[in-house]
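The values are calculated or read from the model by the stated rules, or taken from the named source; none is laboratory data. Only a predicted model underlies this, so the values are computations on that prediction, with no experimental measurement involved. Using ideal geometry, Cβ is built from the backbone for each residue, glycine included, and neighbour counts are taken over all protein chains shown. All accessible areas refer to the heavy atoms of the entire protein, side chains included, with ligands and DNA or RNA removed. Shrake-Rupley method; radii C 1.70, N 1.55, O 1.52, S 1.80 Å.
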Amino acid sequence: MPRSLFIHAQAITAVKSSLLRNGFPSQKLLSEELGIAQSTVSNFLNGKPVDYVNFIEICRALGQEWRDIADFQDYPHSKEVQQGIGFNILISESSLQLHLSQQLQDALIAANHHVSIPGKNTPLNSSLQQSDYWLILISQESVISEILLEDVRHAKELHQITPQKPAILPICLDLNTPLSFDLLQLLQGIQLWQWNCTENPSILISEILQILTECRTSLPANHKLAVEWSAIRKIGKEAIIPTSETPLPVAAPELPEGQVELISHFYINRLPIESLCYETISKPGALIRIKAPRQMGKTSLMARILHHAEREGSHSVALSLQLANQRVFANSDTFLQWFCASISMELGLLNTEQLAKYAQLAEIIGSNQSCKAYFEQYLLPEIPTSITLGLDEVDRVFQSPEIADDFFGLLRSLHEEAKRRDIWKKLRLVVVHSTEVYIPLDINKSPFNVGLPIELPEFNGQQVAELAIRHGLDWPTNQVEQLMELVGGHPYLIRLAMYRIARHGVTLEELLKSAPTEAGIYTDHLRRHLWNLEKYPELIVAMREVVRDSIPVRLPSIHAFKLNSMGLVTLRGNDCMPRCKLYQDYFCDRLL
């Protein structure tokens, strides 16, 4: 093995982009995290030789498989490593391919590995912590699993404690539909494979054993089974939203899976909300605030607002704070460096020298002033028209009061600047959140009491009936009412029911009868809610109080806000009640 290694030229750009994804908006932060010289990090990122041990350590911190990016031209045999044995391997079972799961388990055990396969819809918290590898078999069934999303999110959080453990190896099984928006975002930077289940499974098993033998931490990107990420990212990019307000023709039903695609026939306008947002975002210095619980369509609406702005010549950027690495929230300096770098990268204006310049300035005048100067002196002058910035999942900042005070004060300041200075009229903001702002903010520094407030409502009966028509369902009024009696006008729950009825031959009567049970179509959705509640004992107690009584219940404000943001309750003044009968029935059975 060589004493030093360097990145091959073709990998330098991709490796540099992984800095932000892994929570390092600057080389300085990475060097401080690893306790190595900044010059070593700089040499690594610029394709210069660094010590072998440092090379491996930096690769782990950046989620890179070192064998894939190292230049071995002078060391042709250096990829060979000793066989790794005794790994703890977790396999997410595919109920549609039980035979393949079992074959994989048998082969891995025969190779002296320790293998576990948890039951269907079982959260993997403790199993992930104990595993070296997580083999995810992604099938048509699991691609929309809410439990899978939570598990992947938890595994990524574990990477912040022990880089690349568990190593995530996702394999798509006969998948002919795109991964959901949320899953794609979570798996960003992780190589996927596609496997045709009609092929001889021994081929796949042999490839996986080879990966373990080499102690690799990711699936090879240059393999014949590898999925091209560039192709995945293009899905929906060139979409054009139909401009007609007339009813759309019936289309093949789509699985509801996160953000509704721009070209989807199954997005239902909640007029006059969309037209009001489109009108507002066209104005200089605009600010729109969108609030609603999970799975109510916030991100889908934001995407359409940004698309409308693009059609009018603005440069749009969508930034989800949910995807920010936890280390980004260490302090305001780190967070705002990440914020500036992320927006710059999306605009194609990422310049490390400029970022370093304003990071140094922050040490003198403070991170808020430095961030403002970065926009005013660098970003905005580079854009001839305007920037429309969509900030999704800003709730995450609420968990860090110091950052929240600085960041939200900055947003308010930038919005106010547009009233008196022309350059700031070029910045337009869309802020999306799920819950009430339960942290104390100075009323004069908060962006949550200015701009256009939008609170997304549930679908009404007319909108549910229109959605049924688009699914090809000839429903009389009483059937629409029966479904709404169970799930209200909850967009995700309504769409999932109609998809299953339209595509899987389930009758409405069968669906209603089994809905709150483990055999029903909502079992994955309900288990995820239960799992999330179990992580917070105080919320379990609060939800138990809500479902126990037949009248609205008064809860501590913080508990009411959190249950509402999760979508489990609705607020009636200061009191709470279950959002729908489905939740009432399920949680009565589980919590009482």
Of the residues in region 347-384, those that are under 19 Å from LEU429 (Cα atoms), in contact (Cβ under 8 Å) with a residue 40 or more places away in the chain and surrounded by 14 or more Cβ atoms within 10 Å (Cβ to Cβ) number 7
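Anything in region 1-23 that is of a type outside the set (A, V, I, L, M) and either modelled with pLDDT of 90 or more or open to solvent by 50 Å² or more (accessible area, probe 1.4 Å) (or both)? List them, or say none.
Those that are of a type outside the set (A, V, I, L, M) and either modelled with pLDDT of 90 or more or open to solvent by 50 Å² or more (accessible area, probe 1.4 Å) (or both): ARG3, PHE6, GLN10, THR13, LYS16, ARG21.
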Six or more apart or on different chains, Cβ under 7 Å: which pairs go from a residue in region 117-141 that's at pLDDT below 90 to one that's surrounded by fewer than 20 Cβ atoms within 10 Å (Cβ to Cβ) and part of a loop (DSSP other than H, G, I, E, B)? Could you list them? LEU124/PRO118; SER127/PRO118; ILE138/LEU175; GLN140/LEU175; GLN140/THR177
Filter result (at pLDDT 95 or above and open to solvent by 20 Å² or more (accessible area, probe 1.4 Å)) within region 478-494: ASN478, GLN479, GLU481, GLN482, MET484, GLU485
Does region 43-55 contain at least one residue that is within 30 Å of ARG153 (Cα to Cα) and surrounded by fewer than 16 Cβ atoms within 10 Å (Cβ to Cβ)? yes
Run PHE339 past the list (1) out of contact with any Lys or Arg (no Cβ under 9 Å at 6 or more places or on another chain); (2) surrounded by fewer than 19 Cβ atoms within 10 Å (Cβ to Cβ); (3) assigned to a helix (DSSP H, G or I) and report the number of the one that doesn't hold. (2)
Quick one: what pairs do we get from region 516-539, first residue free of Cβ contacts under 8 Å to residues at least 60 places away in the same chain and under 17 Å from HIS490 (Cβ atoms), second open to solvent by less than 70 Å² (accessible area, probe 1.4 Å) and of a type in the set (Val, Ile, Thr), C-beta under 9 Å, 6+ apart or different chains? ILE521/VAL506
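Conditions tested, residue by residue: (1) in a loop (DSSP other than H, G, I, E, B); (2) among the aromatic types (Phe, Trp, Tyr); (3) over 24 Å from LEU187 (Cβ atoms); (4) in contact with a Phe, Trp or Tyr (Cβ under 9 Å, 6 or more places away or on another chain).
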{"residue": "ALA11", "(1), (2), (3), (4)": "no, no, no, no"}
{"residue": "VAL15", "(1), (2), (3), (4)": "no, no, no, yes"}
{"residue": "SER18", "(1), (2), (3), (4)": "no, no, no, yes"}
{"residue": "PRO25", "(1), (2), (3), (4)": "yes, no, no, yes"}
{"residue": "LYS28", "(1), (2), (3), (4)": "no, no, yes, no"}
{"residue": "THR40", "(1), (2), (3), (4)": "no, no, yes, no"}
{"residue": "PHE44", "(1), (2), (3), (4)": "no, yes, yes, yes"}
{"residue": "GLY47", "(1), (2), (3), (4)": "yes, no, yes, yes"}
{"residue": "ASN54", "(1), (2), (3), (4)": "no, no, yes, yes"}
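Yes/no per residue for (1) of a type outside the set (D, E, K, R); (2) farther than 21 Å from ASP589 by Cβ; (3) open to solvent by 20 Å² or more (accessible area, probe 1.4 Å); (4) assigned to a helix (DSSP H, G or I):
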residue: PHE448; (1), (2), (3), (4): yes, yes, yes, yes
residue: GLU458; (1), (2), (3), (4): no, yes, yes, no
residue: VAL464; (1), (2), (3), (4): yes, yes, no, yes
residue: TRP475; (1), (2), (3), (4): yes, yes, yes, no
residue: ALA502; (1), (2), (3), (4): yes, yes, yes, yes
residue: ALA519; (1), (2), (3), (4): yes, no, yes, no
residue: HIS529; (1), (2), (3), (4): yes, no, no, yes
residue: LEU539; (1), (2), (3), (4): yes, no, no, yes
residue: VAL546; (1), (2), (3), (4): yes, no, no, yes
Can you tell me which residue within region 124-157, out of those that are in contact with a His (Cβ under 8 Å, 6 or more places away or on another chain) and surrounded by 19 or more Cβ atoms within 10 Å (Cβ to Cβ), is nearest to GLN194 (Cα to Cα)? GLU146
When only residues in region 199-208 that are of a type in the set (Val, Ile, Thr) and touching a residue at least 12 places away in the same chain (Cβ under 8 Å) count, which is least open to solvent (accessible area, probe 1.4 Å)? ILE208
Within region 171-187, restricting attention to residues that are touching a residue at least 40 places away in the same chain (Cβ under 8 Å) and in a loop (DSSP other than H, G, I, E, B), which residue is surrounded by the fewest Cβ atoms within 10 Å (Cβ to Cβ)? THR177
Condition (residue is in contact with a strand residue (DSSP E or B) (Cβ under 9 Å, 6 or more places away or on another chain) and among the aromatic types (Phe, Trp, Tyr)) applied to region 459-466: is it met by at least one residue? no
Candidates ILE190, ILE168, ILE211, filtered to the one that is modelled with pLDDT of 85 or more, under 16 Å from ASP132 (Cβ atoms), part of a loop (DSSP other than H, G, I, E, B) and open to solvent by less than 50 Å² (accessible area, probe 1.4 Å): ILE190
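Residue-wise test of (1) among the small types (Gly, Ala, Ser); (2) surrounded by 18 or more Cβ atoms within 10 Å (Cβ to Cβ); (3) at pLDDT below 95.
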position: PRO256; (1), (2), (3): no, yes, yes
position: GLN259; (1), (2), (3): no, yes, yes
position: PHE266; (1), (2), (3): no, yes, yes
position: LEU276; (1), (2), (3): no, no, no
position: GLU279; (1), (2), (3): no, no, no
position: ALA286; (1), (2), (3): yes, yes, no
position: ALA292; (1), (2), (3): yes, yes, yes
Examine region 577-588 for a residue that is of a type in the set (S, T, N, Q) and within 26 Å of the chain's Cα centre (by Cα), and state whether such a residue exists. no
With criteria (1) under 21 Å from GLN295 (Cα atoms); (2) modelled with pLDDT under 95; (3) touching a strand residue (DSSP E or B) at 6+ places or on another chain (Cβ under 6 Å); (4) of a type outside the set (Ser, Thr, Tyr), VAL431 comes up short on (2)
Please work out which residue is farthest from the chain's Cα centre (by Cα), limiting yourself to region 303-313 and to residues that are among the aliphatic types (A, V, I, L, M) and modelled with pLDDT of 95 or more. ALA309
Is it fair to say ARG412 is under 23 Å from ALA324 (Cβ atoms), modelled with pLDDT of 95 or more and either open to solvent by 50 Å² or more (accessible area, probe 1.4 Å) or basic (Lys, Arg) (or both)? no
Going through region 548-561 one residue at a time, which ones are touching a residue at least 40 places away in the same chain (Cβ under 8 Å) and open to solvent by less than 70 Å² (accessible area, probe 1.4 Å)? ILE558, PHE561
Sort out which residues of region 99-122 are part of a loop (DSSP other than H, G, I, E, B) and open to solvent by 40 Å² or more (accessible area, probe 1.4 Å), and write them in order of number. ASN112, ILE117, GLY119, LYS120, THR122
If I filter region 77-87 for residues that are touching a His at 6+ places or on another chain (Cβ under 9 Å), modelled with pLDDT of 85 or more and closer than 30 Å to LEU135 by Cα, do I get at least one hit? yes
